[in-house]
Amino acid sequence: DTEVTQTPKHLVMGMTNKKSLKCEQHMGHRAMYWYKQKAKKPPELMFVYSYEKLSINESVPSRFSPECPNSSLLNLHLHALQPEDSALYLCASSARTGVSEQYFGPGTRLTVT
Amino acid sequence: AQSVSQHNHHVILSEAASLELGCNYSYGGTVNLFWYVQYPGQHLQLLLKYFSGDPLVKGIKGFEAEFIKSKFSFNLRKPSVQWSDTAEYFCAVNGGTDKLIFGTGTRLQVFP
């Protein structure tokens with residue numbers, strides 16, 4: 001099973017709301033990633049978790065807060081977002097960082113109003 | 001810093017035509033190379049990958065890619081495209097770090 005699942009599929013939130021995106025994988029992977037993808041653009045890396053520890057934060061604003069409760073789950077907590085944060089948020093996982101391919105989930109389409 | 005260039009931004013082909021999409025990267029060390037495809041409304045899927053060994057790698061759906069180290073290239077090929085190959089294609093490079101660097105993507109349209 002090479003599946004990464006993400007919920008919700010779509011999310012509309014106001015600028016004062018707090019919401020969370022969820023990602024799950026059951027492949028035994030020990031690296032998980034959050035990406036942001038704008039229309040017709042490549043994915044941009046936001047965060048990397050390796051063995052449940054944050055290893056990379058690509059200077060993402062603090063209104064995005066990642067969390068890795070265990071090796072199968074990855075959350076992205078959202079607070080006080082801006083309209084320009086509207087995008088497709090992708091989760092990915094890999095066996096480990098650096099030398100293995102990443103498997104992507106279907107994404108959460110986020111709209112900030 | 002690592003970077004990936006995909007010079008073909010938009011390619012239009014008829015079915016049965018041959019395809020070659022260019023990908024060049026800038027990184028002097030050992031690299032892992034990937035091609036991902038994103039069909040309309042679907043998630044990114046891995047087409048093929050290169051870590052080491054035979055520089056000609058075969059992927060799913062009849063795609064192949066050739067790693068030419070001297071040219072820093074990893075071009076994607078398919079001898080005969082189908083309408084169902086219409087999608088966005090991304091080349092990606094990992095230089096042994098935690099980061100996967102994507103190219104800007106090539107939009108392929110195949111007409112029957």
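Under the condition of being within 14 Å of another protein chain (Cβ to nearest Cβ), within 13 Å of the chain's Cα centre (by Cα) and not small (Gly, Ala, Ser), the residues counted in region A:77-101 number 4.
Matching residues to (1) among the β-branched types (Val, Ile, Thr); (2) without any contact (Cβ under 8 Å) to a residue 24 or more places away in the chain; (3) under 15 Å from A:His26 (Cβ atoms):
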| residue | (1), (2), (3) |
| --- | --- |
| A:Glu58 | no, yes, no |
| A:Glu67 | no, yes, no |
| A:Asn75 | no, no, no |
| A:Ala80 | no, no, no |
| A:Leu88 | no, no, no |
| A:Ala95 | no, no, yes |
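Candidates in region A:81-109 are the residues that are of a type in the set (D, E, K, R) and at pLDDT 95 or above; of these, the one that is surrounded by the most Cβ atoms within 10 Å (Cβ to Cβ) is A:Asp85. Among the strands (runs of 3 or more DSSP E) confined to region A:9-113, the ones with at least 2 residues that are among the aliphatic types (A, V, I, L, M) and over 25 Å from B:Ser3 (Cβ atoms) are located at A:10-13, A:73-79, A:108-112.
The values are calculated or read from the model by the stated rules, or taken from the named source; none is laboratory data. The structure presented is a predicted model; accordingly, all values stated were derived computationally and were not measured. Don't worry about glycine lacking a Cβ; one is built from the backbone with ideal geometry, like all the others, and counts go over all protein chains shown.
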